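Here the structure is laid out as structure tokens; the discussion comes afterwards.
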Amino acid sequence: MTLFRSGYVSLIGKPNVGKSTLLNRIAGRKLAIVSPKPQTTRNRIVCIKNMPDAQIIFVDTPGFHKPKHKLGEHMVRESSDTAKEADLILFMAEPEMPSQADRAIISMLEGIKSPVFLLINKSDSVKKPALLPVINEYSRLHRFDEIFPVSALKDENLDYLLEAVAGRLPEGPRYYPDEMITDMPERFMAAEIIREKIIFETQEEVPYSIAVEILEWKERGKGKLYISANIYVEREGQKSIIIGKQGARLKDIGSKARQDIEKMVGAEVFLQLWVKVKRDWRSDPGTLKELGYS
């Protein structure tokens, strides 16, 4: 009889290395927001991958970085705690020599007993001979259990990766039903979608100063959903940037977010957004707790 395996797999790496893209590719749908800006992921994002003989629970974490405020400390703590609790760790890096940030993460791995796979993401962007010295240098820094060149964007080598991950998990039960692909509430995912649209529509410091809070989530008639949300920023100038001239930018953000939320919930959505200033909220423990960053 074939053993059924299950367990938690932590995705770690420096910011903007492609962890969220990989998670979305494995899920077959958008679970984690993706942007060109580093430090986009702030919370643990869970993807449940059901296979005939295994259930893999992937956990995407914020990228490891040097925190500059309480929010940053929360993000680094999320990554560290998730790695310590995982049955297996996927350390994702780029196809280049290890940076100082990569080396810092590798140092953290020394105290972890779980198996660690090295994923060289974006491997399609370089010629194969160029990967060899990179792999050799990483192998010198740490004894990885497996090494996989992959491309999360182009779905290269992901089937082999999934089989290898499943084979390393302990024997265990199916923790979630077959049809479930995430345990994250739709309210949380809607807030993340709104934040993603703001990130793409704004520049410079604004994306890092944004938090989104869902205020209301109500069904209004069959197949219709009313959502209202607060968008918090730290400065009056940032509020003006998000609202835009005569409210044009906020209207555009709302329209794009509404379309994605409708795809997620399978219903018509009326979305109302408000922009408010909470000065230095990223450094205020009380506000961070209110917004779910605790």
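The numbers here are math on the coordinates, done by the rules we state, and not lab data. Remember, it's a predicted structure, so these values are computed and weren't measured experimentally. Cβ atoms come from the backbone with ideal geometry, glycine included; neighbour counts cover every protein chain shown.
Here segment 186-290 carries DSSP beta bridges of which approximately 45% are antiparallel, counting only pairs with both residues inside.
Applying 0.36 nm per residue to the separation of Ala104 and Asn136 and subtracting their alpha-carbon distance, the gain on full extension is 9.8 nm. FRET efficiency for the Asp284 to Phe200 pair, using the beta carbon distance and R₀ = 22 Å, is estimated at 0.25. Taking 0.36 nm per residue of separation and subtracting the Cα-Cα distance, full extension of the segment from Tyr160 to Met97 would add 20.3 nm.
Helix 248-265 and the longest principal axis of the C-alpha atoms of the chain enclose an angle of approximately 50°. Over 28 Å apart at the Cα level, from the set Lys197/Lys218; Lys14/Lys289; Lys19/Lys256; Lys113/Lys197; Lys197/Lys224; Lys127/Lys256, are Lys113/Lys197; Lys127/Lys256. Summarising the label geometry, the points placed 7 Å from Cα in the beta-carbon direction at Glu171 and Leu3 lie 0.6 nm from one another. Normalised by the number of residues in the chain, the mean separation of alpha-carbon contacts (under 8 Å, six or more apart) gives a relative contact order of 18 percent.
Rounded to the nearest 10 degrees, the angle from helix 100-109 to the longest Cα principal axis of the chain is 70 degrees. For the chain, the alpha-carbon radius of gyration amounts to 1.05 times the rule-of-thumb value 2.2 N^0.38 Å expected for a compact globular protein. Tell me the GluC sites (Glu not before Pro) within segment 133-198 that lie in a loop according to DSSP and have at most 10 other beta-carbon atoms within 10 Å. Within segment 133-198, the qualifying GluC sites (Glu not before Pro) (loop, at most 10 other Cβ atoms within 10 Å) are Glu179. No solvent, one uniform scatterer per C-alpha: report log10 I(q)/I(0) for segment 188-285 via the Debye equation at q = 0.11, 0.20 1/Å, two decimals. Listed by q, the Debye log ratios stand at -0.31, -0.94.
Remark on segment 131-212: ratio of C-alpha radius of gyration to 2.2 N^0.38 Å is 1.63. For Glu156, the amide hydrogen comes within under 5 Å of the amide hydrogens of Ser151, counting only partners 5 or more places away or on other chains and with H modelled in the peptide plane. Annotation for Arg187 and Lys222: the two label points, set 7 Å from Cα along the Cα-Cβ direction, are 2.7 nm apart.
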